[in-house]
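Read through the structure below, which is laid out as structure tokens, and then see the notes.
The values are calculated or read from the model by the stated rules, or taken from the named source; none is laboratory data. Everything numeric in this text was worked out from a predicted model, so none of it was measured. Cβ placement follows ideal geometry from the backbone for every residue including glycine, while neighbour counts extend to all protein chains displayed. Just the protein is used for accessible areas: all its heavy atoms, side chains included, with ligands, DNA and RNA removed. Shrake-Rupley method; radii C 1.70, N 1.55, O 1.52, S 1.80 Å.
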Amino acid sequence: MKHLVVFTGAGISAESGISTFRDSNGLWENHNVQEVASIEGWYKNKALVLDFYNQRRKQLQQVEPNEAHLILAELEKDLKVSIITQNVDNLHERAGSSSVIHLHGELTKACNESKTEVVDIAYNDIHPGDRASDGSQLRPFIVWFGEQVPLMDKAIETVHSADILLVIGSSLQVYPAANLINYTRKPIYLIDPKPQLSHRDVSIIPAKASEGMKYFKKFLLEGN
Ligand code: NAD
């Protein structure tokens, strides 16, 4: 079976109603990204950061996977499909995809301050004063700006073994994740209505994720 590796960004979840931050002038749900998604922001105002992710979890409970997520899951009938996502939502899993690497963490998990202990919290809130077993403040299990990306090596290995690399809805501006496209010599495709990339080896499908995936599936399975 051919190995399709898919690298997804915030754009794949846009049609489910979760906004990207590049499309709203660098604000993420009306917040300065540095305030809510950086390690400095966490040390500056833990209550604000906890509240922000509590809201993201509530929102996640109210949205559904869209056609792009569903087609990716369906493709497992015909191909080996590995997903590497920058998204912290769980829409790939809820669509039925079985192999998902979350490079930037997961909303439905929490961890201690040193990130050595991870627990499932589903859609529950984390409050100031909630403690991990080592006594530190429980925090969202998210990779913030300024933090290591522990799954990067696993992601690179996955991209190395790809026959085809498909990128969906990523501005490819967030590093080191954006470097992943440089780890394969196989064909690379990008589905994005406003692609911000002029890499000579990338074939661009300028469409929203669901339309782009319908086209890509046909192209892949029927060769047209
Ligand atoms: P980004 O916000 O930097 O870029 C989003 C890209 O998606 C843009 O290129 C845009 O043109 C494209 N896009 C917009 N609507 C689309 C659609 N309907 N279909 C396909 N593409 C569409 O996103 P990024 O590159 O993923 O980086 C953002 C960072 O923010 C990530 O690290 C991620 O963790 C975090 N984030 C996550 C979520 C989520 O989990 N759903 C949402 C917002 C931000």
So the strands (runs of 3 or more DSSP E) completely within segment 80-192 holding 3 or more residues that are in contact with a Phe, Trp or Tyr (Cβ under 6 Å, 6 or more places away or on another chain) and either open to solvent by 10 Å² or more (accessible area, probe 1.4 Å) or closer than 26 Å to VAL36 by Cα (or both) are 105-111
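Which members of segment 208-224 meet the condition of being open to solvent by less than 80 Å² (accessible area, probe 1.4 Å), at pLDDT 90 or above and either among the small types (Gly, Ala, Ser) or within 7 Å of the ligand (Cβ to nearest atom) (or both)?
The answer is ALA209, SER210, GLY212.
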Set ASN32, ASN54: member being closer than 23 Å to LEU172 by Cβ and either more than 14 Å from the ligand (Cβ to nearest atom) or loosely packed, with under 15 Cβ neighbours inside 10 Å (or both) | ASN32
Lone unmet requirement of (1) among the aliphatic types (A, V, I, L, M); (2) within 20 Å of ILE71 (Cβ to Cβ); (3) away from the ligand (no atom under 12 Å from the Cβ); (4) free of Cβ contacts under 8 Å to residues at least 24 places away in the same chain for ILE205 = (3)
Reported set for segment 58-73 where residues are among the acidic types (Asp, Glu) and surrounded by 16 or more Cβ atoms within 10 Å (Cβ to Cβ) is GLU67
Mind listing whichever residues of segment 193-224 are under 20 Å from ALA14 (Cβ atoms) and in a loop (DSSP other than H, G, I, E, B)?
-> PRO193, LYS194, PRO195, GLN196, LEU197, PRO206, ALA207, LYS208
